[in-house]
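What follows is a short report on a single structure.
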Amino acid sequence: MTRRALLGAAIVVAAAQVSQSQSQIPQGFAASNFQVVGYSETDGRPGFKMAIREVGGRWYMYMGHLWHRGWSILDVTDPAKVRVLKFVPGPENTWSIQVDLHDDIMITGMEQVGRRWGGDPSRPHDEGFFIWDITDPVNPRKLGQWKTGGRGTHRIGYPGGRYVYVAAALPGYQDELLVIVDISDPANPREVSRWATPGQHVAAGETPEEGIQLHGPPMRDGDRLYLDYGSAGMHILDVSDITRPRLVGSLDFTGPFDGGIPVHSIMPMKSRNLVWVNSEAIAEDCNEGLGHASLVDISNEKQPRLVSIMPVPVPPPGSTYADFCAKGARFGPHNINQHQHHPDVEKQANLMYLTYFNAGLRVFDISNARLPKEVGYFIPPDPVKRYGPVPTRFVEQTEDVLVDRRGYVYITNKNQGLWVLRYTGPRPTGTN
């Protein structure tokens, strides 16, 4: 074959590969200041929470799932060609959606799964959290399990070392409270301390109040622990004595923000004396009060005060709906790029990534804490295959976001695969 013919054949093959790669990316998305890098159906298991680490030059993602009991391990070294390496089955009839890791230890939460999410309350379920050795990143080895004796755990924070900070549903309490667990002997993890807000300890005669629950993950920074506590607001604890957490300050968000979970996610930015706080939308079709994503000034930790609220997302040009409530299903804040303890996650600076259910992923410039502004968005197309019964109206629902230190942005969806993006918009001073 001549050189020209060889070159022509190579161009045809390259063009075919590009075409095949592009054809695997669902079309119809809307984007501002975002580039799509890759997409994976993740072997037909839509992802939920994610954790990531680099080992020996390869990048591994660990993923929980809403509709499948267990955890996937993916290779995202080349984010344009995501590969599912293994699925690790979890306990039946158990939500295994939460995952966190540090160094060679991974923690995976487990809890009773509600009927609306595919659970059967008449059947047994597992609960608590598993402790895994992930020295071999593709073959996790189970080291132990901590159990609540109740419904289980929701989000968990593991910044490394001997302590896991858990949102745990214990017998005798209303919904989740803070439990700090020592895993220095992973085969025999033990509770070190617990902390609950007034009204939670019903077994002690306290009167329960609706919506009081620690969502998590509790975020530790130095000797402070920051808690996202539902309708009880945000709390700052002193954990210099790990056996006796002590309340420092709180801020209530109920009243104006009484819809959904008023305080769902929290992130301290102590260098700026700020804390990010956002709610979670729960009711479909906006049948609840307005949600929020806010910045809180903690210059005086005993009296935190609200500084600003992020602007409400606007539908992209050409949309068939006037606002996102008209689009249907859930609309409002959900998750942020939260695993700040991990060295392979992009560190929080002046860009905040926030999933917004049917409004996709939103990015805010918070360099001026008093005047935040939206600087980008990515809205996946509506799904084409239903994997789970939620939402009622079959529209896209962006769930979680993770940004690695290379700048790749990963988002998951209730009824779609994993999207890999890159933010291409302006980066304010001080942003990674």
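The figures follow:
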item	result
Members of the range 354-386 that are aliphatic (A, V, I, L, M), closer than 23 Å to T42 by Cα and not in a loop (DSSP other than H, G, I, E, B)	L354, L361, I379
Which listed residue is more than 20 Å from I379 (Cβ to Cβ), of a type outside the set (D, E), in a loop (DSSP other than H, G, I, E, B) and modelled with pLDDT of 95 or more, from H341, H334	H341
Positions within the range 130-163 being surrounded by 15 or more Cβ atoms within 10 Å (Cβ to Cβ) and of a type in the set (A, V, I, L, M), in sequence order	I131, I134, L143, I156
Hey, L170 modelled with pLDDT of 95 or more and either farther than 25 Å from P343 by Cβ or of a type in the set (S, T, Y) (or both) or not	yes
Segments classed as strands (runs of 3 or more DSSP E), wholly inside the range 111-200, with at least 2 members that are farther than 25 Å from V88 by Cβ	177-182, 190-195
Enumeration of residues in the range 44-89 that are outside any strand (DSSP E or B), free of Cβ contacts under 8 Å to residues at least 24 places away in the same chain and over 23 Å from L421 (Cβ atoms)	G56, H68
Test result for I97, β-branched (V, I, T) and under 18 Å from the mean Cα position of the chain (by Cα)	yes
Scan of the range 387-408 for residues that are surrounded by fewer than 24 Cβ atoms within 10 Å (Cβ to Cβ), part of a strand (DSSP E or B) and either without any contact (Cβ under 8 Å) to a residue 12 or more places away in the chain or of a type outside the set (D, E, K, R) (or both), ordered by number	Y408
Odd one out for P372, checked against (1) closer than 21 Å to G38 by Cα; (2) touching an Asp or Glu at 6+ places or on another chain (Cβ under 9 Å)	(1)
Residue match in the range 201-222 (condition: closer than 26 Å to D344 by Cβ and aliphatic (A, V, I, L, M))	yes
Residue count for the range 248-257, restricted to those that are surrounded by fewer than 22 Cβ atoms within 10 Å (Cβ to Cβ) and out of contact with any Asp or Glu (no Cβ under 8 Å at 6 or more places or on another chain)	6
Entirely in the range 228-323, the strands (runs of 3 or more DSSP E) that have 1 or more residues that are touching a Phe, Trp or Tyr at 6+ places or on another chain (Cβ under 7 Å)	234-238, 261-269, 274-280, 293-297
Matching residues, the range 246-281, being under 15 Å from the mean Cα position of the chain (by Cα), free of Cβ contacts under 8 Å to residues at least 60 places away in the same chain and farther than 25 Å from S193 by Cβ	S279
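The values are calculated or read from the model by the stated rules, or taken from the named source; none is laboratory data. None of the values given here were measured: they were computed from a predicted structure. FYI the Cβ positions are ideal-geometry reconstructions off the backbone, even for glycines, and counts take in every protein chain you see.
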